[in-house]
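Below is one structure, written out as structure tokens, with a few remarks after it.
The values are calculated or read from the model by the stated rules, or taken from the named source; none is laboratory data. For clarity, every value in this text was computed on a predicted model and none was experimentally measured. FYI the Cβ positions are ideal-geometry reconstructions off the backbone, even for glycines, and counts take in every protein chain you see.
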Amino acid sequence: MNIVTILGGPRTDGNTDRLLDWTERALKDWRHKVTRINLAEFSINGCKSCFACAESADEPGCVLSDDGPSVFAKMVEADAILYATPLYMWGYAAQLKALLDRSICLVRGHGGPEYRSFVDGKPAALLVSCAGPDDGNADLIRSSFPRFADYTRLDNRGVFVFPHCTDVNMLPNSHGSESRELARALTE
């Protein structure tokens, strides 16, 4: 499989980056091709809600002049997509949130008979690192990602929350095996 991973936080060498590394290593061990997109290195502006994208029938068609269209092209070409974000204020980091908002360009005819998506049926999952516990902390992101996946018609393989990530050099031992479980869920 050709898998695109999207690091959606502002920091490299942080907890989310390390967890994504472990997951990517498992994917590569199983002979999958992995392409990482580090959103901190891209310029992704917020959606303008102009709906110019809806005028393009054959591609996402976002007209904003930033790196968004190139990221969407890689997502469309991929066989599977893995999003990764630190938990900020019970939700996505701003870098990933902007991309998710802009993902409206991936869908045409929402709710109508012509409803379709450029990423229809692609397996997708969300990796979330958080400093605190899962319970009472990640509940909002656990409910929003399935809705996003449903809207874009992605095949939601799950939201994988990695709690108690306070120091990249002291991540819980269980997170290594959980990263492999995430890789397996995305590809099976």
* Structure fact -> In region 152-171, anything under 14 Å from the mean Cα position of the chain (by Cα) and among the aromatic types (Phe, Trp, Tyr) is listed as 160
* In region 45-104, what count of residues is obtained for those that are within 30 Å of residue 132 (Cα to Cα) and basic (Lys, Arg)? -> 2
* To do: Hey, can you tell me all the residues within region 41-78 that are at pLDDT 95 or above, in a helix (DSSP H, G or I) and either surrounded by fewer than 13 Cβ atoms within 10 Å (Cβ to Cβ) or out of contact with any Pro (no Cβ under 9 Å at 6 or more places or on another chain) (or both)?
  => 41, 70, 71, 74, 77
* Structure fact -> Contact list, first residue from region 102-121 and farther than 20 Å from residue 50 by Cβ, second anywhere and of a type in the set (Gly, Ala, Ser) and at pLDDT 95 or above, beta-carbon distance below 9 Å, six or more apart or interchain, is 119/78; 119/103
